[in-house]
Amino acid sequence: MPEETRNHHTGTASIRNPQSAIRNSPTLLVLYTPARSGQFAVVACSADAAHYGIRPGMALAEAKALAAGIDVEYVLHDSKADRQSLERLAEMCLNFSPWVAIEDVDEPASLFLDISGTIWGFDSEEELAQCVADYFPRLGYHVQIAVADTIGAAWALAHAEKSEAGSRKSEVRSETVRRAESSRPAVGVLRTTVCNSSQSAIRNPQSAIHNLHSLDVTALRLPEATVRLLYQFDIRRIGQLLALPRESLPSRFGPEVQLRLDQALGRTPEILTPIQPSEPVEACSPFDPPISDRRWIEASLEELLSRILNQLKPRQLGVQRLHCTLCQTVGSPISIAIGLLQPSASDSHLRELLHLHLERVQTNAEISEIVLHAEVVRPLEFHQEQLYRDPGAERSRYFPALIERLSNRLGNVAVLRPRLLADAQPEHAFHCSPWVVEEKLDSNTAPPVLLPRPVCLHKKPVAIAVMSIVPEGPPLRFEWEERDHVVCHYWGPERIETGWWRGEDIQRDYYWVETTMGRRFWIFRRRQDETWFLHG
Amino acid sequence: MERLTRRQTILDLKERLSRFERETQASRGTTMPTDTALDALLPDGGITWGTLIECFGDDGDGADIFALRIGARMLRTGGAFVVVDARSEFYPPTAAGLGISLEHTVLVRPANSRAVLWALEQALRSRAASVVLAKLGAIHDRAYRRLKLAAESGDCLGLFLRSVEYQAEPSWADVRLVIHPALSPPSALGRRLQIEVLQIRGGPSRSTIEVELTDETNDVRLVPRLARATTPRLRVG
C-alpha cells in the first residue's frame with residue numbers, strides 16, 4: 001500500500017467507567033452492577049482494591065467480605081455516564097485529529113483517531129502518539145495507545161497487554177498501568193488521581209501488522225464463546241489462526257473470526273462513524289457604553305434568546321439548560337442557570353423563566369456584556385393532538401412547565417420528587433430529589449411495605465414525658481405542648497430495629513395512641529434509654 | 001303587596017344567593033363525586049374543579065388525613081399532586097399508602113411565606129395539578145382572592161389545612177370545615193371524626209356530620225346512626 005494512501009489509526013483505550021466523580025475519588029473504589037437473581041457483581045475496581053483480592057466478575061458480597069474493615073467506596077456502575085464521559089473525551093481528541101470515532105459496541109471503552117495527514121506538525125507518528133499519551137494523564141486518565149494501519153490492528157495492539165502475557169518487554173508501560181490492568185484485564189486503567197505523564201503506554205507503530213501474529217486471539221474483538229472455542233483447540237495466537245486454511249475458519253469457528261482477521265489485516269474495510277462535534281449554541285451582546293436600565297437588559301436578553309432559538313429550530317432542537325452571564329463593569333459577572341425538565345424551543349416560556357430569575361438579580365454595576373449559552377440542547381419531543389379530550393393527558397402536557405417555573409423561581413432544591421425506599425426507619429423511608437436534575441437511584445430495591453403512618457412527620461422527634469405503668473409497657477398519659485394528654489386507646493408496639501450500618505442503632509417501639517379528646521399521635525419509646533418521643 | 005318579615009327577607013336573600021352561586025359553579029367546571037361522606041354535604045353531590053376547601057384543625061385532630069383522603073379521591077382522574085410544604089413535614093409514604101402516585105407528586109418547600117403564596121398560585125393556576133395541598137397561616141384577603149381565581153383558572157382543587165385560630169377570619173374558600181376528633185369505639189373499623197360545616201357555597205351551613213376513616217378501604221363514610229330505642233313509654237298514673 002503506498003504510504004500516502006494508508007489510513008493510520010490510533011486506538012486509545014480509555015478507562016472503564018470514566019465518570020469524573022469516580023476518577024477523582026481518593027478512596028478505594030469498586031464498581032458493581034445488578035447481576036442475576038437479585039445479586040450484585042463487581043464490574044471493575046481500582047488497583048488498590050485489587051490488592052485485597054477483589055476482581056471483576058465476583059459477587060459484591062464476596063468483595064465486601066474481602067475488604068471488611070477497609071474504607072472502600074462501592075459505586076453503582078452507570079454505563080450511560082460512561083458513554084457520556086467517553087463522548088466528551090472524544091470531543092477533546094479533536095485537538096489531534098478531525099476524525100474521531102467511538103468503538104461501536106454496547107459499552108465502548110476505546111476511541112479511534114484517523115491521523116492520516118495530521119502529523120505535519122510532528123516529526124513522526126510516535127511523537128503525535130506521545131502527545132496524545134501526555135494529554136490524557138492531565139485529564140486524569142491512563143490510556144494505552146497504538147498506531148496501526150487498520151482499526152482492528154490498532155485495537156488489538158492497544159489491548160494487547162493481557163494477550164501477550166508480558167512477552168513484549170520493550171514497550172513503554174509503567175508499573176502503575178500494569179497494576180491497574182490486573183484489576184480489569186481487558187481495558188481497565190484506574191487510580192487516576194495519582195497519574196503522571198509517564199504512565200501511559202504507546203505501541204510501536206512500525207511493526208504493527210507483523211506483531212499481530214504473536215498476539216492473543218482475544219485481541220481480535222471476538223465474542224467470549226468463540227475465544228473459549230479457540231482455546232479448546234489450543235489456538236491461542238493470531239498467528240496460529242492465520243496458519244489454518246482460510247476457507248475452513250467460518251465453518252469451524254463461525255463467520256466472525258474470518259471477519260475480524262480480515263479487518264485487522266486490512267482485507268475487509270471497517271466503517272466507524274466519526275463523532276459530530278457539537279457546536280456551541282450561544283449569543284452575546286456587548287454594550288458600549290454599558291447599560292444599567294433593567295428594561296434594556298431584558299430586551300437584550302429576549303433578542304439573544306431569539307437568536308439562539310433561531311439556530312435551534314431548523315434542527316428541531318430545544319434548550320434543556322441555559323446559562324446567562326451578565327458581565328458587570330465592576331465586580332464579578334452574574335451567572336444565571338436555567339434548567340428545564342424537557343427541551344423547549346418556546347420563546348415565551350424561556351423568556352418567562354429568564355424573567356423569573358432576573359426578578360431576583362441585584363446588579364451592583366453597569367452591564368458591559370450579556371452572554372447567553374445553551375449548555376444542553378436536545379431533540380424536541382412532539383406529541384400528536386388527541387381527537388377526544390382527555391383531562392389526564394391534558395394536565396400532563398402542562399406538567400413540565402409547572403416544574404420549570406417553580407424550580408427556576410424557588411431553586412431546584414425546593415421543588416422535589418419523592419420516591420419510596422425500602423427502609424424500616426421512618427425518616428429514611430423516602431428520598432426527595434430535585435425534579436429538574438436527573439438522579440439515578442438504585443432501582444433494585446424491594447418495594448416498601450406501606451404501614452399506617454401520619455401525614456406529617458416531625459423532622460426531629462420531639463421528646464415528651466410519658467407515664468407508663470409497667471416497664472416497656474404502653475403509654476398511659478403524656479405531656480406535650482404544655483398539655484396533658486390521657487391515652488384512651490393505643491395500637492402497638494411496632495418494633496423497629498435498624499440503622500446500625502449508618503452508625504446509629506435504631507431501636508424503637510412505635511405506638512399509635514388516641515387521647516380522651518380523640519386526637520391521635522404517633523409516639524415511640526427509644527429502647528436504649530426508655531425515653532419517649534412524639535414523631536407525628 | 002304582602003309585607004315580608006325581616007327573617008323572611010333574609011331567608012329569601014339567602015336562597016337567591018345560593019341559586020346564583022350554584023349557577024356560577026355549574027357554568028365554571030365539571031363536578032366530580034368523591035364517593036365519600038363529604039358528597040352528601042356538597043350542593044352538586046361532589047367537588048367542582050376550581051374549589052378551595054379549608055379544613056380547620058390542630059395537630060392530631062385528623063384534618064390532615066381527612067384532607068389527604070379527599071385529595072386522593074380527586075386524583076383518580078390523573079393530574080399532578082402538589083404539596084406546598086414550607087415546614088418540610090409532609091410524609092410521602094402516607095400519601096402512597098392512600099394510592100396517590102408519587103410519580104406525579106411534587107413537593108414544594110418554599111423558604112418564606114411570600115414564596116408559599118407564589119408557589120400556591122402557580123400550582124393552582126398551572127392546569128397541571130389536580131390537587132394542591134398546603135398548610136396555610138394568616139393570609140391577606142386579596143392574596144386569598146388571587147388563590148381562588150387561580151384555582152378556577154386552573155381547574156384545580158385547593159386543600160388548605162389551617163389552625164382553628166383562623167376560622168373566624170374572612171375567607172374565599174368555597175368549603176370551610178372544622179374537623180373535630182371523635183373517640184372511636186372499640187368496634188369501629190377506623191378513625192372517627194366530626195365534621196362541622198362552617199360554610200359551603202350554595203349548600204347547607206352550620207351542620208355537623210360524623211364520619212369514619214376506614215384504613216382497609218381508605219374510605220370516608222358516614223357513621224351510621226342507631227335508631228332510637230323502641231321501648232314503649234310507661235304511663236304512670
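The values are calculated or read from the model by the stated rules, or taken from the named source; none is laboratory data. It should be emphasised that the depicted structure is a prediction, and the values quoted were computed from it without experimental measurement. Note that we place each Cβ from the backbone using ideal geometry, even for glycine, and neighbour counts take in every protein chain shown.
Points worth noting:
- Just one of the numbered conditions (1) in contact with a Leu (Cβ under 6 Å, 6 or more places away or on another chain); (2) surrounded by 17 or more Cβ atoms within 10 Å (Cβ to Cβ); (3) small (Gly, Ala, Ser); (4) over 18 Å from A:Tyr141 (Cα atoms) is not true of A:Ala63: (1).
- Residues that are more than 12 Å from chain A (Cβ to nearest Cβ) and under 20 Å from B:Arg221 (Cα atoms) were ranked within the range B:49-67; the one that is surrounded by the most Cβ atoms within 10 Å (Cβ to Cβ) is B:Glu54.
To keep it simple, each residue is scored yes or no on (1) closer than 25 Å to B:Leu75 by Cα; (2) more than 12 Å from chain A (Cβ to nearest Cβ).
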site	(1), (2)
B:Glu152	yes, yes
B:Cys156	yes, no
B:Phe160	yes, yes
B:Glu165	no, yes
B:Pro170	no, yes
B:Asp174	yes, yes
B:Leu177	yes, yes
B:Ala182	no, no
B:Pro185	no, no
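- For the range B:104-123, the set of residues classified as within 7 Å of chain A (Cβ to nearest Cβ), assigned to a helix (DSSP H, G or I) and within 21 Å of B:Tyr91 (Cβ to Cβ) consists of B:Ala119, B:Ala123, listed by residue number.
- For the range A:69-127, the candidate set comprises residues that are among the hydroxyl-bearing types (Ser, Thr, Tyr) and part of a loop (DSSP other than H, G, I, E, B); within that set, the residue that is farthest from A:Pro34 (Cα to Cα) is A:Ser124.
- Complete set of residues in the range A:66-99 that are of a type in the set (S, T, N, Q), buried (at least 16 other Cβ atoms within 10 Å of the Cβ) and under 14 Å from the mean Cα position of the chain (by Cα): A:Ser85
- Residues of the range B:68-93 that turn out to be at the interface with chain A (Cβ under 8 Å from one of its Cβ atoms) and under 14 Å from B:Leu213 (Cα atoms), as a count: 1
- For the residues A:Glu504, A:Glu494, the requirement of being more than 11 Å from chain B (Cβ to nearest Cβ) and without any contact (Cβ under 8 Å) to a residue 40 or more places away in the chain singles out A:Glu504.
- Qualifying residue in the range A:319-326 (condition: out of contact with any strand residue (DSSP E or B) (no Cβ under 6 Å at 6 or more places or on another chain), more than 23 Å from B:Val106 (Cβ to Cβ), surrounded by 15 or more Cβ atoms within 10 Å (Cβ to Cβ) and more than 14 Å from chain B (Cβ to nearest Cβ)): no
- Matching strands (runs of 3 or more DSSP E) fully within the range A:274-361 where at least 3 residues are within 30 Å of A:Leu113 (Cβ to Cβ): A:317-328
- Within the range A:398-419, the set of residues being over 28 Å from A:Arg525 (Cα atoms) and outside any helix (DSSP H, G or I) comprises A:Gly411, A:Val415, A:Leu416, A:Arg417.
- Number of the condition not met by B:Leu147 [criteria: (1) in contact with a Leu (Cβ under 9 Å, 6 or more places away or on another chain); (2) surrounded by fewer than 19 Cβ atoms within 10 Å (Cβ to Cβ); (3) more than 11 Å from chain A (Cβ to nearest Cβ)]: (2)
- Looking at A:Glu385, A:Glu381, A:Glu366, just one residue is modelled with pLDDT of 85 or more and more than 10 Å from chain B (Cβ to nearest Cβ), and that residue is A:Glu366.
- Residue list for the range A:246-274, restricted to those being buried (at least 18 other Cβ atoms within 10 Å of the Cβ) and at positive phi: A:Gly266
- Taking the criterion of being buried (at least 16 other Cβ atoms within 10 Å of the Cβ) and part of a loop (DSSP other than H, G, I, E, B), the residues of the range B:151-182 that qualify are B:Asp155, B:Cys156, B:Ser163, B:Gln167, B:Ser171, B:Trp172, B:Ala173, B:Asp174.
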